[in-house]
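Q: Please find one structure pasted underneath; my questions will follow.
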DNA sequence: CTGGGTAATGTTTACGTTAACTTATGCTGC
DNA sequence: GCAGCATAAGTTAACGTAAACATTACCCAG
C-alpha cells in the first residue's frame, strides 16, 4: 500500500471513498457530508432530507428514493452534535466508576452498555484511578461538562457527599453499591441477604460459628456483608470471632488465611468475595488444613473461575447483569418522566451456589 | 423528603438549586443555562463570556470577575454539543469490543479510558454481546452515527473484512489483537514472544516436550501463541503433541486437563491463558498429579489471582495498561496528524513471571 | 372551471458556541 | 489638539439539524 509523501494529505480529495477489501477508510475528507450536501445532489431541500432521514411522513416514494440514493453515494451520516444541540439531549449515559478491573464492576458495566445500546443510548466511561475525594469530584465536574443525560455512579457515594458537587440540572443519577437510598435512586445486590445465606448455610452444616474475611472498610458492600454475618451469628447465639480485614485481593485473603490456618478452632470461613476465598484456599492448603474436611469456605460473587478452584467454591451468586439492567432502567425512567421520580433502593436477589468447599465439621 | 404530586414537575423552577448535603440536584430546570444567560446577568455580550470561559486574552480583570461570578451563580456549564458542532470534533474515542468480562479486555479498556481522560477525551463504549458479522457491522454503523473522532477496535478484525463497513471519513481506527497491520494501526501484546518465553522456560527446565491448551480458534492471540509454541518445539527438535482446544474459560481448561492428567507422558503444559491454567490445575489435582512435581504448568496473562493459585502460577505477564496507553497514543496521533499515518503493528513486550507451578521433571 | 382543501416540498429560524470582523474607548506622541 | 494606535468590548455569521411556518401543485366537489 502506497501512501503519499511526508507532506501529508492524499492528493485526491474526491472519488473512490472505498478502499481495499474493507470499507473502513483510513483517509479522511476534512468535511463530513451534511444534509445540505445530500439535498444538493438529490435536488431537494435539506428539510426533505431531514424528513427522509427521520422517517417522517409526507415524502413521496420517488423523492425518498432519490434522497436515499444521494445519501448512499455521499456516505451521509447524521451529525449527532447538531442533533444533540437541536434536541437538547445527547442520548448518552455517563458511568463513573472506580476500578474496572474487579469482576463485578466490569460485568455490571457490560450489562449497562448492552442495555443502554438497546435503548439507543451510548455509554461514556469516566474511570477514577484512585478514589480520593478530589478525583471523584474531578470526575463529576468533567461529567458535568460532558454530553450526558444521566450518570450512573458505581462508587461509594459518601466520597461525593463530603464535597460540594454540582451536576447540571437535567442530569439524573443512579447509584450502585451505596446506602444513599434516601437521596438517590440506588440499585444494588442484596448484600445482606447474600451474606445471611452464606453464614446460615455453614451453621446449618453444623459448624459452631463462622469466621469472616471482610473487604475494604470503605466499601458499603463489604460493610453490609459483615453486618449480616455478625447479625446471623448473634441471632443464633453463637460466638462472633473477630473479623479479619482484606481488600478484595486474593493476596489479602491469603494473608488472612495464614492466620486462620493456624487456629484449629476455625472450621468455617465466609470470605467477602471469591478472590479472597481463593487466597484463603491457598493458605489453608499450605497450612495442611483440608477443605472441606477441616475447614469449610464460602465466597461471594460467583465469578466464573470459582467452579474451578481447588476445591470448587461454594459461593453467593450475584446477578451483575441484572444490576446493570436495572441501572439503565432507572436512569431512563428518570429521563423520560422528567423530574418525577423518588429516591429509593432496589435490591437484586442473590442465591447460594453450593459446590465442594463446604461440608459438616469433622466429628 | 417530600415530592410534589404525581402530575410531576416541582412547582418552584428557580431559587435554591442547592439541595441537602450533596450538591447533586435531583431535580432539573428544563433549560440549561447558556452563555447568553450568563452574559445577560453579567451585563456583557456572550462573546465576552466565551472569551472568559476559554481563557482567551483581552478581557479586563473586573469584567472577567463579573462574568465568573455570573457563571457561578447560574451554575453555567459549557454545552459540549454546541462546541462539538462548532469545532467539528467531539473529543471522544469510541471503543468497540466483545466481552468486557475477560480480564485482558477490561484492563485494556480501563487504561484506554484513563489515558484518554488525561488527554481530554472521553470514551464511548460499544459492546458486542455475540461477535457475529451482523453485530459487528451494526456496532460499526452505530459508531458511525455516534459522536466519535476515532475508534479503537478490540475484536478480531477479520469479522469486519468480510462485510462492507464504512466509517465516516475523518474517523480513525486502531485495532487491538489482530494481524491486520497492513491496513490498520495495530497495537498488541507480543503474543509470539510471550509464548516462546513460556515454552523455552519449560524446555530449559529439562522437559522433553510441552503440551498446549489453546484458546478459541477465532482468536488471533490464541493462534499466534499456538504457532509460537509449535515453532519453538520444532526448532528444538522436540515432538509436537496434539494441541488441546479450550475457549479461555477455566471450565474448558479443566476439560482439557482431565485428558492430560490421564497421560503419564505429559510433564509440562502451556495453557494459553491463566483461567484455563486454573482449570488444568484442578484437573491435575483431582487426577492425583502433583504440580510441579509430576507436571509443570505455565499460563498466560498474569492475572492478579494467579499468584494465589495452588500452587502459585508461573505465567507470562501481559502489560494491558501499556496496550491501552499505546492505543490512545495511536488514535490521537492519527487525529492530530490528519491523514498522515501509516498502517503498522506495535508490539508490547511481555515477561515471564516464574512462580511455583514449574520445576524440572522428576528423575 | 373554479374555490377549498390536502399532500408534498421549500424557507426560515433557533439550538449554543466561537472565529472573524467591527466598533468604541483611552492613550501616546508630535 | 488630533492622527494613529493599542486595547476591550460588541456584532455577525456559521456549524448541521429539525420544528414551525410558508408555499406550491394538484384533485375533486359544486
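Q: For residue A:118 and residue B:45, FRET efficiency with R0 = 41 Å and r from the beta-carbon atoms, rounded to 0.05?
A: E between residue B:45 and residue A:118, to the nearest 0.05, is 0.40.
Q: Roughly how many Å is it from the Cα centre of region A:317-331 to that of region B:101-117, as a whole number?
A: Using only Cα atoms to place each centre, the spacing works out to 21 Å.
Q: Give the distance, in whole Å, between the Cα centre of region A:221-264 and the Cα centre of region B:29-76.
A: First find each Cα centre; the distance between them is then 55 Å.
Q: Tell me, B:276, A:35, A:143 in order of fewest to most beta-carbon neighbours within 10 Å?
A: Working: B:276 32, A:35 21, A:143 24.
Going from least to most buried by this count: A:35, A:143, B:276.
Q: Ok, one more. For residue B:354, project a label point 7 Å along Cα to C-beta. Then give me every residue of region B:203-218 with its amide nitrogen under 17 Å of that point.
A: B:203-208
Q: Grab the Cα-Cα distance for residue A:286 and residue A:72, subtract it from 0.36 nm times how many residues apart they are, and report the gain in nm with one decimal.
A: Details: separation 214, 0.36 × 214 = 77.04 nm, distance 6.62 nm.
Length gained between residue A:286 and residue A:72: 70.4 nm.
Q: Roughly how crowded by other chains is peptide B:248-255, in terms of the mean Cβ count from those chains within 10 Å of each of its Cβ atoms?
A: Mean shielding count: 3.
Q: Something else now. Determine the percent antiparallel among the DSSP beta bridges restricted to the protein assembly as shown, to the nearest 5.
A: Of the beta bridges lying entirely in the protein assembly as shown, close to 10 percent run antiparallel.
Q: Additional query: Mean-square fluctuation check for chain A, GNM, Cα pairs under 10 Å: which of A:208, A:336, A:107 is largest?
A: Looking only at A:208, A:336, A:107, the biggest GNM fluctuation is shown by A:336.
Q: OK, next. Among bridges DSSP assigns within chain A, what percent are antiparallel (round to 5)?
A: Close to 10 percent.
Q: Mind telling me which of A:116, A:69, A:306 comes out most flexible in a GNM of chain A, alpha-carbon contacts under 10 Å?
A: Among A:116, A:69, A:306, the largest mean-square fluctuation in the Gaussian network model of chain A belongs to A:69.
Q: Seen from all sides and averaged, what is the projected area of the convex hull of the Cα atoms in chain B, in nm²? Let's see the in-between values first.
A: Numbers: hull surface 103.1 nm².
Convex hull of Cα atoms, orientation-averaged projection: 25.8 nm².
Q: Highest mean first, what order results for B:83-89, A:74-80 on Cβ atoms within 10 Å? Please list the in-between numbers first.
A: Values: B:83-89: 15.6, A:74-80: 19.9.
Result, highest mean first: A:74-80, B:83-89.
Q: I would also like to ask the following. Could you check the spin-label model distance between residue B:322 and residue A:134? Points 7 Å from the Cα along Cα→Cβ, value in nm.
A: Placing both labels 7 Å along Cα→Cβ, they lie 2.9 nm apart.
Q: If you take each beta carbon of peptide A:81-88 and count the beta carbons of other chains within 10 angstrom, what is the mean?
A: Working: counts 12, 5, 4, 8, 8, 2, 1, 5.
Partner-chain Cβ atoms within 10 Å, mean over residues of A:81-88: 6.
Q: Compare B:127, B:57, B:216 in a GNM of chain B, Cα atoms joined below 10 Å, and give the one with the largest fluctuation.
A: For chain B, modelled as a Gaussian network with Cα springs under 10 Å, the answer is B:57.
Q: For B:48, A:63, what ranking results if the residue with the fewest other Cβ atoms within 10 Å of its Cβ goes first?
A: Ranking B:48, A:63 by Cβ neighbours within 10 Å, fewest first, gives A:63, B:48.
Q: Over the whole of A:301-313, what's the average partner chain Cβ count within 10 Å per residue? Rounded to a whole number, please.
A: Partner Cβ neighbours, averaged per residue: 5.
Q: Right, here's the next one. Calculate the FRET efficiency for residue A:101 and residue A:238 from the Cβ-Cβ distance with a Förster distance of 60 Å, rounded to the nearest 0.05.
A: Efficiency at R0 = 60 Å is approximately 0.95.
Q: Over region B:191-319, what is the mean sequence separation of C-alpha contacts under 8 Å (at least six apart), divided by residue count, expressed as relative contact order in percent?
A: Relative contact order of region B:191-319: 25 percent.
Q: Between residue A:230 and residue B:263, what FRET efficiency follows from the Cβ-Cβ distance if R0 is 35 Å, with the result rounded to 0.05?
A: The formula returns an efficiency of 0.10 here.
Q: Would you mind ranking B:327, B:266, B:308 so that the residue whose beta carbon has the fewest other beta carbons within 10 Å leads the list?
A: Lowest count first: B:266, B:308, B:327.
Q: I'd like the projected area of region A:35-75, averaged over all directions, using the convex hull of its alpha carbons. Report it in nm² with one decimal.
A: Numbers: hull surface 9.4 nm².
So the mean shadow area of the Cα hull is 2.3 nm².
Q: Relative contact order of chain A, please, whole-number percent, based on alpha carbon pairs below 8 angstrom and at least 6 residues apart.
A: So the answer I get is 15 percent.
Each reported figure results from applying straightforward, stated rules to the coordinates on display, with no laboratory input. In this text the structure is predicted, and so the values were computed from the model without any measurement. No Cβ is skipped: glycine too gets one built from the backbone with ideal geometry, and neighbour counts run over all protein chains shown.
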